[in-house]
Amino acid sequence: MAAGFKTVEPLEYYRRFLKENCRPDGRELGEFRATTVNIGSITTADGSALVKLGNTTVICGIKAEFAAPPVDATNKGYIVPDVDLPPLCSARFRPGPPGEEAQAVSQFIADVIENSQIIMKEDLCIVNGKLAWVLYCDIICLDYDGNILDACTFALLAALNNVQLPAVAINEETGLAEVNLKQKTPLNIRKYPVATSFAIFDDTLLIVDPTAEEEDLATGTVTIVTDEEGRLCSVHKPGGSPLTGAKLQDCITRAITRHKEVKQLMDKI
Amino acid sequence: MRGSRSKALHDRALVNCQYSMATFSTGERKRRPHGDRKSSEMTLHLKQTFEAAILTQLYPRSQIDIYVQILQADGGNYCACVNAATLAVIDAGIPMQDYVCASSAGFVEDTALADLNYVEEAAGGPQVALALLPKSDQIALLEMNARLHEDHLECVLDAATAACRAVHAVLDQVVRDHVREVATLLGE
């Protein structure tokens, strides 16, 4: 009976639950799904992390390569993020060139890296004007069940935290770079940005960590990225129903608590 | 059925595969995850393998998509894909003639080796990929590259077949355990 009601009137079905301050999957409105993180599972990558938020699963692999630094900033390296939402993660994606959503998520991740200064690009420079690291951060979604932004941001952070770069010395005679694979150093992570997403229901109710179903029914979404000192790195609200300043403040408070939860998980691994 | 309807077959289902390798799956970063020549070949092989095993005539005018993604490549990519896809097809409840189990085998210094890893593959010896329907003992796909003396073929195939049967035992156990678990949950 309940299943039939859900199919015919999904929105009304959700409203009945939300009225009682809970959700069909048993969570409260402000509760995240179980989060798990696994790092270093891919040995061919220089750093990797697998993050699960309930059913949502993303994997991030980081590959480091050499490149010449950009001409306008000779003391900097590059960080190149890319998010892939392949057709295997959900029936809503089709094979072919990256869809709108994948590009939007990629850009969001690029903005988070830029705004939060997660690592200083100067740290990636090996020889000024000659040689620098490029970090290709490829994020692949393996199972899409909503809240992809939080999962991707967390996977990126955990993978960057796992990166071990080999020592590089420049041979004076030949001028070529020599890599010492035995001596590896971790990256200097300056900030720990953590994203927290909310779905807006019926223009007023805020629910945290929406599933794909909830995202489809919601009238809008908000994503807040904070660092470990509670400073905002990004506030992302792509259209949807308008929100009052007070509600946004509530979101920020919740985001700061979420940061602590994520930090605890990060410290454990 | 999505995309062009002209591809639809009036008497059976169309099997569509896509094989892609994550950019970080190999030692050297991959530029294109799919669509290069090697991936296209792999896609075709997977499609042929599963067309042979799935009872496509039960679903006329429909399409079955099989997407596989390599996260870390350490040899036997084709075989891992086939074994994973078999389980996924079973999980989807699509009827097949039998499990498809695959294993690679090689031949180094007069010894047949089953399930080559990346180093053994890169060494450049003869290499066989075998996809087997173990119950009926039929070969769905067999591919060999490099030269191998006819006399040695049998022992290499035996090694691959034995490995396929071992894979079958593991897959079958997993499926049975899963079904048992789901059945208990549904029974409650």
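The values are calculated or read from the model by the stated rules, or taken from the named source; none is laboratory data. Every value quoted in this text rests on a predicted model; they were computed, and no experiment measured them. Glycine also receives a Cβ, built like all others from the backbone with ideal geometry; neighbour counts cover every protein chain displayed. Quick note on the areas: whole protein, heavy atoms, side chains included, nothing else; ligands and nucleic acids left out. Shrake-Rupley method; radii C 1.70, N 1.55, O 1.52, S 1.80 Å.
The table below lists the values:
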{"read-out": "Region B:5-186: projected area of the alpha-carbon convex hull, averaged over directions, in nm²", "value": "12.4 nm²"}
{"read-out": "Unpartnered cysteines - no second Cys beta carbon under 4.7 Å - across the protein assembly as shown", "value": "A:Cys22, A:Cys60, A:Cys125, A:Cys137, A:Cys152, A:Cys233, A:Cys251, B:Cys17, B:Cys79, B:Cys81, B:Cys155"}
{"read-out": "Rounded to 10°, Cα long-axis angle of helix B:77-91 versus longest principal axis of chain B", "value": "20 degrees"}
{"read-out": "Region B:17-88 and region B:95-174: distance between their alpha carbon centers, rounded to Å", "value": "17 Å"}
{"read-out": "Accessible area (Å², per residue) of the protein assembly as shown, counting only protein heavy atoms and a probe of 1.4 Å", "value": "51 Å²"}
{"read-out": "Relative packing of peptides A:31-42, A:185-196, A:16-27 - highest average C-beta neighbours within 10 Å first", "value": "A:185-196, A:31-42, A:16-27"}
{"read-out": "Residues in region B:85-119 that a label on B:Asp158 would reach, taking backbone N under 20 Å of a point 7 Å out along Cα→Cβ", "value": "B:103-116"}
{"read-out": "Inter-chain shielding of A:91-97 (mean C-beta neighbours from other protein chains, 10 Å cut-off)", "value": "2"}
{"read-out": "Between 0 and 90°, nearest 10: helix B:150-187 axis offset from chain B longest Cα axis", "value": "30 degrees"}
{"read-out": "The protein assembly as shown - Rg over Rh from alpha carbon coordinates, Kirkwood radius", "value": "1.01"}
{"read-out": "Low-density loop positions, GluC sites (Glu not before Pro), region A:160-196 - DSSP coil, at most 10 other Cβ in 10 Å", "value": "A:Glu172, A:Glu173"}
{"read-out": "Mean Kyte hydropathy of 0.5 or more with a Cα span along the axis of at least 15 Å, helices from DSSP in chain A", "value": "A:148-162"}
{"read-out": "Cut-off under 5 Å, modelled amide H: who pairs with B:Ile66 long-range", "value": "B:Asn16, B:Cys17, B:Gln18"}
{"read-out": "Relative contact order %, region A:82-240, counting alpha carbon pairs below 8 Å whose residues are six or more apart", "value": "20 percent"}
{"read-out": "Cα-based reach from B:Lys7 at 26 Å (exclusive), listing lysines while leaving out same-chain residues under 8 positions away", "value": "B:Lys38, B:Lys47"}
{"read-out": "Accessible-area composition of the protein assembly as shown, carbon plus sulfur, in percent [1.4 Å probe]", "value": "52 percent"}
{"read-out": "Of A:Lys184/A:Lys268; A:Lys52/A:Lys121; A:Lys6/A:Lys52; A:Lys52/B:Lys135, those spanning more than 32 Å from alpha-carbon to alpha-carbon", "value": "A:Lys52/B:Lys135"}
{"read-out": "Additional length obtainable on full extension of the chain from A:Gln164 to A:Ala2, 0.36 nm per residue less Cα span", "value": "53.2 nm"}
{"read-out": "Inter-part distance where region A:191-269 and region A:93-147 are each reduced to a Cα centre, Å", "value": "20 Å"}
